[in-house]
There are 6 protein chains.
Amino acid sequence: MLNVVVTNPPRADITEVDRLAGYGVATVHEAIGRSGYLGAGLRPIQQGTRIAGTALTVVCWPGDNLMIHVAVEQAKPGDIIVVTTTSPSSDGGFGELLATSLAARGVRGLVMGAGLRDTRELRDMGFPAWTAHVSAQGTVKETPGAVNVPVVIGGQVVRPGDAIVADDDGACVVPRLDVAKAVSASAARVAKEDATRRRLAAGELSLDIYGLRPKLAGVEYLSADEYSRRAGEV
Amino acid sequence: MLNVVVTNPPRADITEVDRLAGYGVATVHEAIGRSGYLGAGLRPIQQGTRIAGTALTVVCWPGDNLMIHVAVEQAKPGDIIVVTTTSPSSDGGFGELLATSLAARGVRGLVMGAGLRDTRELRDMGFPAWTAHVSAQGTVKETPGAVNVPVVIGGQVVRPGDAIVADDDGACVVPRLDVAKAVSASAARVAKEDATRRRLAAGELSLDIYGLRPKLAGVEYLSADEYSRRAGEV
Amino acid sequence: MLNVVVTNPPRADITEVDRLAGYGVATVHEAIGRSGYLGAGLRPIQQGTRIAGTALTVVCWPGDNLMIHVAVEQAKPGDIIVVTTTSPSSDGGFGELLATSLAARGVRGLVMGAGLRDTRELRDMGFPAWTAHVSAQGTVKETPGAVNVPVVIGGQVVRPGDAIVADDDGACVVPRLDVAKAVSASAARVAKEDATRRRLAAGELSLDIYGLRPKLAGVEYLSADEYSRRAGEV
Amino acid sequence: MLNVVVTNPPRADITEVDRLAGYGVATVHEAIGRSGYLGAGLRPIQQGTRIAGTALTVVCWPGDNLMIHVAVEQAKPGDIIVVTTTSPSSDGGFGELLATSLAARGVRGLVMGAGLRDTRELRDMGFPAWTAHVSAQGTVKETPGAVNVPVVIGGQVVRPGDAIVADDDGACVVPRLDVAKAVSASAARVAKEDATRRRLAAGELSLDIYGLRPKLAGVEYLSADEYSRRAGEV
Amino acid sequence: MLNVVVTNPPRADITEVDRLAGYGVATVHEAIGRSGYLGAGLRPIQQGTRIAGTALTVVCWPGDNLMIHVAVEQAKPGDIIVVTTTSPSSDGGFGELLATSLAARGVRGLVMGAGLRDTRELRDMGFPAWTAHVSAQGTVKETPGAVNVPVVIGGQVVRPGDAIVADDDGACVVPRLDVAKAVSASAARVAKEDATRRRLAAGELSLDIYGLRPKLAGVEYLSADEYSRRAGEV
Amino acid sequence: MLNVVVTNPPRADITEVDRLAGYGVATVHEAIGRSGYLGAGLRPIQQGTRIAGTALTVVCWPGDNLMIHVAVEQAKPGDIIVVTTTSPSSDGGFGELLATSLAARGVRGLVMGAGLRDTRELRDMGFPAWTAHVSAQGTVKETPGAVNVPVVIGGQVVRPGDAIVADDDGACVVPRLDVAKAVSASAARVAKEDATRRRLAAGELSLDIYGLRPKLAGVEYLSADEYSRRAGEV
C-alpha cells in the first residue's frame, strides 16, 4: 500500500529502547534468537558509535527523496529514520540539510538502504548514519511513496515503532513488543559471556566450556606425517 | 585512438579550480545540474580531505601501469591524475613511488578506476587518493595505452584539463569551460543552503520551505488504526 | 579430505617470520615474484597495523563456526588464524570471545574469508583482523570441517605453517620454505626503492630510471591541436 | 520465530490462483499497484514457462537443506515452494530428488533464494524453477529452521498461502486476500493494453495516448547544429 | 546538458551500417583497434541474432521511462535505441508496448543499460534486445531527461547516429564517421582469419603463425619431474 | 612459480575419465565427499552438454592470452583446457580460432576463469565451454605466464592431469589419483538415488527414508491459528 503516510504509529517504550543501546548489535541479535540483523551490506559512516531508537520508516522511489521530506513532519524524539527504495538505488538521497531538520526534532540517526552524501558534515555534526552506499549523486523530489508502513531492509521486515540498534557491526531490528524481553535476554547473555571470557582468557577451551567435543565424533586427529601419507602429498 | 600521448592540452583556469576546492563534491555536482559525479564505486583512502585540480588522464591496459610512468612526464602543477583501464581491473597499479614522483611535479592527488596499494604510505606522505579497489597485486610495464585523451570513469567522460573535485563523498568532474560558472553556482547554492539550514534547525519543515505539499496530492494520511484496518494486518 | 584435524604441522621459522613483519604486503608480494596476494576482497578492520605470523588454517561450513573452536586447541604462539568456508558466506562467525581465547594462546591475528563481528571490541583489545565481510549475523556450532589442511583464500593456496603478512593493503602468503628467501629479497627491494625514491623526489623520471622508453615505440606524441584534427573533434 | 512448522495455513483460493497464471508477471505486478516483484536476482532455469500457485515457505540455514525435506510433508497440490536462507548462500540445496518428491504431491515449481542443481534433469522432468544461483555445491541436513512462516525474498514479504506467479521475467507475490482483485485488475490492464498496442502499431505515439507532453514543459527541442553550438563541441 | 531532445542528428550511412551486420561484434571490435565494446554486463535476451543500426540515444532518470516515450517520436528506420540512466538502475523500464511502437517506426532493437521485461513477448515478436538486467519492476513517467545526446554505456561513449553492432557476444559502438573504415577492416580481418583457421585446423600452431616464440624468451620448459623437484612438492 | 611450461605431466587414466562423463557434476561432487566444485560463477555457454577430460592448465596475465597459444602445443587428446588469470579479468581471451586449433588436437572443451567470445561460433562448431564471463573485449599476446602448473579456480585447486567433469550445473575437478574411486562412488550413488527416487515418486517422504525426524527434536509443529496467537500477528 504505497502513497500512504501513517501518523503516530505505536512506538516501542523509549525507556526500554534506551536500555538496548547498552548492548551491541551482535549481542542483541543473538539474544532475540539470532534474528533481525539488517545485513552485511549496511555500513556505518563513523566509527565507535552505538545508538538505539524507534523506527520511522520511509519508502522512496529510486533517485527521489520526496518522502524523506514528508517523514520529517512525522518524526518524534527518539526516532531513527529507516529509508528504503522500491528498487535498488545507490543515489545520495540524504545529506546534511535533512539531518539538520531531523536532529531539530530529536531524531537520533539514519539507516539508509540506498545512498547518502555529506559524510564529513554528518560526522562533524554528530548525526550517525548506516548506509548501503555513499554517493554524491543527487535526487529529485517528484514521486510519492510511503511513511510509517512496514519496510524490508537487508532481508528483514522493519515496522514503524520497532526498536533499532546500530553500531560498528551494522544494525539490527527488534520488534516493538519484544524490546523489554530483548533487554533482559541481552543482559543475561552479557553476564554469561563475561564469565566465559574470564575462563577463555585463563586458557580454558571453548570446546570444553560449550561441550562441543561430542560433535567431533567423526573427525580424525592426524599428525602432519600421517596426513601427508593419506593425502599423497606434502 | 589508443597509443597516443597528448602534450600540453588546454587546462581549466587554475585560479578558478582552486576556488572549486572550497565547495564539496555534492554541492558542485548539484550546482552544475546534477551531473559529473564519478560514481559510488570510487572511495577515498583517507578521511576529511578535499582537493580540486585539473585532470591528467591516463588509459592503461589491465594489470599494466606503463602509461602512468609516461604520464608523469606530462604532469603540471595543479593536476590530479585520473587513471582508467581498457577493461575492469582491481590490480594495484599505483603506489608510493609513483606518488613521490608526481608530488615532485606538483600533482595534487589520484583518481584511480582500477586499484592502488601502499595506502598507509600515501596517507603518511599526504598524497590523497580515491580508488575503486585497494590491492597489493602488482602490475607489469609492457603494453602501451594513452595519456591525455578523453576517458570514462564511473559512467562520466573526463577530458584532459577538466576540473576534478574530490572529498569524502567521492569525486566529480567539471568540464574545463564550465569551471567559473560552477564556482559561482556553488557559491549561490551554499548561500541558499545556509539560509535553509537555519530555518530547518529552527524547526521549519522542508515540505513548506520547498513548497512540496502539492506533490503529495494523491497521498493519504492515515492513523495507525485506520492503516491496520485497511491493510488487514497489525 | 574434510573432517580432519592435523596436529602440529611444520611451521615456518618464527624468527624469519618476525623479520617479514618489517616489510609491507606490497613489498613481500613483489619480492617473491608477484605472488601470494590474498586478493582485494580482504580488508582490515583497523588502520596502520602490520603483522606477520604462521598460518593456522581452518575450513568451516557456511553459517557454522564449530571448527574455529577446534582450531584454538591447535594454536601456537606466533600463529595467525586463517578461516575459510566450503562455500561463500558473509556470516559473522568470529568475535571477541574467540579472539580472547586465541590471544591467550599467543595468536597474533585473524584472516577471515567469511565474516566477523565485534569490530570495536577487536580494535579495543588490539586483536588485528582482515576480513571479507563485517556482519553481526550469528552462526551455529554443528557441522565438522577441518583444521590445518591446505585452504584456498583469494585464489591462493595457504598451507598450515606458511607465513602470512598483513597490513593496510591486505594480506599475503609466503610458502613455509621460502620465508628466509622472502626476507632477503624484500630487504633488497626496499634498498633499491630507497634509491629510486630519492631520484624521483629530485625530479628524475621513472621512464628513464627503469629504461621504459623503448617500450613506447609505437606511441605517438601529439599536440592537443594535432590530436583534435586527427580525432575530428574538439 | 525459527524452529516452527506451521501446518495447514490458509491458502489463496486455487481457482483464482489458476486464473492468475493467464497473466504475466509484469502485468500482475503493475495491476496490484506496482508491488510484489521478487527482484531481478531470481532467474528461471527454463524458457517460456509461466506458472501460478500458492506459497509453501521454507527458511533454511545456509549450506543446509533439512527444512526442505520437512516442507515436503506440508505440501499441498497447487503449491509453489519458496525457499530462503537465514543469510546469503549460493549452495545447491535443491535437486531432482526433492523435485520428484514435491511433484508427487502436486507441487508446481520452485522459487529458490539460494542455489539449485540438476538443472537439466529439472527441465527434463518439467519441474519449473526460478533461482538466485545454479550450483552443484551440496548441502548438509543438520540445522533446523522453519516452514510456513513469513519469509523475505527479493525485498518482498511472502506469507504462506500467498499466490506466486512466475515466468521469463521473474516471480511476483500476490497477498492471499488480494488474488481475486489481482485477477480482475490484470484482465482490465490486458484489455487496455490490447487497445493501446493496436494504436501504437498503427503509428500513434504513447506521448499522445498517455497525455505525457505536459510533463516535458522544461525540455528543449534543439537541432543537432543548435545543440553543438550550445555544448561547444561536435 | 539534460532536458534536451536533439532532432535529426546526423546518422551513419545506413548502407555501410547494414554491411557491418555481416560481421560479429568480436570482429568489428578488433577491426577498429580493440575499442567500442559495451562491456560484459550487457547480455542478449535471445540467442543467435545479430543486428546493426544507428544509435538513438536516451537518458532516463532511474525508475522512470518518460524519455523512452519521447524518443519514439525521434526514431528513424534503421535505428537501434540505446537507453541509459543517470544512476544505476535495474528496473524494467522497457517492454512489449514500447517495442511495438518502435518496431512500427522501423527501429531494429534495443540496447538497455538498466532493465527490461516482457522477454518472452519480445522474443516472440522478433524485437531483439541486449540488457544489463531483466526485471518486471515497473517505472513511472515523471522526470525529464534527454534524447539524442552523447551517453555512456559500459564505459564507452555512444553518440547519436553512431553505428551499433550486437550479437551473442554483446554490443559494440562504431563512431559515425568510422563505419566505412570499420567495414573494410572487418572484411580484411575475416579474410585473414579464414586463412589462419585452415592452418590451425590442419594442426599448425598459432605460436608459429603469429611468430610468438620470441616473446617466451624468459619461459622455461620443464618436465613434470623437474618441476616437482623445483617446486619441492608432489 | 610463473614463467614455466611443464611438458607431459601425468594425466588421469583416460578410460576412467570417460566413465566419469556418465555422471553429472552434482553426482560426482557428492561422490567424492562434497568437494571439487568449481563454483557458481562458472556457467556453460551451451545447454544439455556433459563432458569429462584431463586438465590442461594455463595461467594468463589479465587482458593477455599469450599462454593459451603456448598451451595448444602441450595439448593431448582428451584434455579440457582450464584457464585462469593472475588477477580477476572479464576480457574475452578465447574465441573460435583457438577452439579450432585445440579441437584439431583432440581437446574436448574449455573451462575459463576470465572471459570468452564467439559464443555462437563455439556452439556451432560443438566446442563446449564454461566461463565466468562472456565478453568481446580483445586481449594482447605480450606477457608470459605458465602452463601445466597447479591453478586455483572457483576456490579449488586444479592440477594438470586432474579430471574435469562439466555439465549444465557447472564444473568439478577430481584429483588425478582419485578418478577410479570417483567412478565407483558415483555409480553407487546413482544406484542408491534410483531406489530413493522410486520411493519418493510413490509418495514416501525423505524425512523417513533418510531418518531425519530426530534432528527436528526442537522444532514445534503449530496450526496457523496457534502460530498467529504466538506471533501476535496474522
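Looking at E:202, E:166, can you tell me which residue is touching a Cys at 6+ places or on another chain (Cβ under 9 Å), away from chain D (no Cβ under 14 Å) and within 20 Å of residue F:121 (Cβ to Cβ)?
Selected residue: E:166, the only one of E:202, E:166 that is touching a Cys at 6+ places or on another chain (Cβ under 9 Å), away from chain D (no Cβ under 14 Å) and within 20 Å of residue F:121 (Cβ to Cβ).
Considering region F:9-42 alone, what residues qualify as being under 30 Å from residue C:29 (Cα atoms) and in a loop (DSSP other than H, G, I, E, B)?
F:9, F:35, F:36, F:38, F:39, F:40, F:41, F:42 - these are the residues of region F:9-42 that are under 30 Å from residue C:29 (Cα atoms) and in a loop (DSSP other than H, G, I, E, B).
Given the conditions (1) more than 10 Å from every other protein chain (Cβ to nearest Cβ); (2) open to solvent by less than 40 Å² (accessible area, probe 1.4 Å); (3) hydrophobic (A, V, I, L, M, F, W, C), and given that residue A:171 satisfies all but one, which numbered condition is not satisfied?
So residue A:171 meets the others, but not (1).
Which condition breaks for residue C:211 when tested against (1) of a type outside the set (Asp, Glu); (2) at positive phi; (3) touching a residue at least 12 places away in the same chain (Cβ under 8 Å); (4) within 13 Å of chain B (Cβ to nearest Cβ)?
Evaluating residue C:211 over (1) of a type outside the set (Asp, Glu); (2) at positive phi; (3) touching a residue at least 12 places away in the same chain (Cβ under 8 Å); (4) within 13 Å of chain B (Cβ to nearest Cβ) leaves (3) as the failure.
Out of region F:194-218, which residues are acidic (Asp, Glu) and within 16 Å of residue D:68 (Cβ to Cβ)?
F:204, F:208 - these are the residues of region F:194-218 that are acidic (Asp, Glu) and within 16 Å of residue D:68 (Cβ to Cβ).
Criterion first (at pLDDT 95 or above and away from chain D (no Cβ under 14 Å)) does residue E:131 satisfy it?
Criteria not met by residue E:131.
Which of (1) within 8 Å of chain E (Cβ to nearest Cβ); (2) under 17 Å from residue F:11 (Cβ atoms); (3) of a type outside the set (Val, Ile, Thr); (4) in contact (Cβ under 8 Å) with a residue 60 or more places away in the chain is the odd one out, the single condition residue F:161 does not satisfy?
So residue F:161 meets the others, but not (1).
Matching residues to (1) touching a strand residue (DSSP E or B) at 6+ places or on another chain (Cβ under 6 Å); (2) over 30 Å from residue A:116 (Cα atoms):
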position: B:2; (1), (2): yes, yes
position: B:6; (1), (2): yes, yes
position: B:13; (1), (2): no, yes
position: B:18; (1), (2): no, no
position: B:43; (1), (2): no, no
position: B:55; (1), (2): yes, no
position: B:69; (1), (2): no, yes
position: B:72; (1), (2): no, yes
position: B:83; (1), (2): yes, no
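Return the only residue of B:188, B:201 being touching a residue at least 40 places away in the same chain (Cβ under 8 Å) and open to solvent by 30 Å² or more (accessible area, probe 1.4 Å).
Of the residues listed, the single one that is touching a residue at least 40 places away in the same chain (Cβ under 8 Å) and open to solvent by 30 Å² or more (accessible area, probe 1.4 Å) is B:188.
Which of the numbered conditions does residue F:31 fail, given that it passes all the others? Conditions: (1) in contact with a helix residue (DSSP H, G or I) (Cβ under 7 Å, 6 or more places away or on another chain); (2) open to solvent by less than 10 Å² (accessible area, probe 1.4 Å).
Every condition holds for residue F:31 apart from (2).
Among C:108, C:50, C:43, C:120, which is of a type outside the set (Asp, Glu), without any contact (Cβ under 8 Å) to a residue 12 or more places away in the chain and surrounded by fewer than 24 Cβ atoms within 10 Å (Cβ to Cβ)?
Sole residue among the options that is of a type outside the set (Asp, Glu), without any contact (Cβ under 8 Å) to a residue 12 or more places away in the chain and surrounded by fewer than 24 Cβ atoms within 10 Å (Cβ to Cβ): C:120.
Is there a residue in region C:217-233 that is among the acidic types (Asp, Glu) and more than 9 Å from every other protein chain (Cβ to nearest Cβ)?
yes
Could you pull out the residue among A:39, A:92, A:48 that is in contact with an Asp or Glu (Cβ under 8 Å, 6 or more places away or on another chain) and within 14 Å of chain C (Cβ to nearest Cβ)?
A:48
On the basis of being part of a loop (DSSP other than H, G, I, E, B) and surrounded by 23 or more Cβ atoms within 10 Å (Cβ to Cβ), does residue A:132 make the cut?
Taking the combined requirement at face value, the residue does not satisfy it.
Take region E:49-76 and flag every residue that is under 19 Å from the mean Cα position of the chain (by Cα) and not hydrophobic (A, V, I, L, M, F, W, C).
The answer is E:49, E:50, E:53, E:54, E:57.
Just one of the numbered conditions (1) in contact with a Phe, Trp or Tyr (Cβ under 7 Å, 6 or more places away or on another chain); (2) open to solvent by 40 Å² or more (accessible area, probe 1.4 Å); (3) under 21 Å from residue D:218 (Cα atoms) is not true of residue E:86; which one?
Going through the list (1) in contact with a Phe, Trp or Tyr (Cβ under 7 Å, 6 or more places away or on another chain); (2) open to solvent by 40 Å² or more (accessible area, probe 1.4 Å); (3) under 21 Å from residue D:218 (Cα atoms), residue E:86 breaks only (2).
Is it the case, given these coordinates, that residue B:143 is buried (at least 21 other Cβ atoms within 10 Å of the Cβ), among the polar types (S, T, N, Q), without any contact (Cβ under 8 Å) to a residue 40 or more places away in the chain and over 25 Å from residue B:18 (Cβ atoms)?
So residue B:143 does not fit the description; no.
Restricting attention to region C:51-83, report how many residues are touching a Ser or Thr at 6+ places or on another chain (Cβ under 6 Å), hydrophobic (A, V, I, L, M, F, W, C) and away from chain D (no Cβ under 14 Å).
2
Conditions first: (1) at pLDDT 95 or above; (2) farther than 29 Å from residue A:132 by Cα; (3) not charged (D, E, K, R). Residue C:152 passes all but one, so which condition is the exception?
Residue C:152 satisfies all of (1) at pLDDT 95 or above; (2) farther than 29 Å from residue A:132 by Cα; (3) not charged (D, E, K, R) except (2).
Is it fair to say residue A:191 is at the interface with chain C (Cβ under 10 Å from one of its Cβ atoms) and within 23 Å of residue C:118 (Cα to Cα)?
Considered against the rule, which asks whether it is at the interface with chain C (Cβ under 10 Å from one of its Cβ atoms) and within 23 Å of residue C:118 (Cα to Cα), residue A:191 comes out as no.
The values are calculated or read from the model by the stated rules, or taken from the named source; none is laboratory data. Please read all numbers here as calculations on a predicted model, not as lab measurements. Don't worry about glycine lacking a Cβ; one is built from the backbone with ideal geometry, like all the others, and counts go over all protein chains shown. All accessible areas refer to the heavy atoms of the entire protein, side chains included, with ligands and DNA or RNA removed. Shrake-Rupley method; radii C 1.70, N 1.55, O 1.52, S 1.80 Å.
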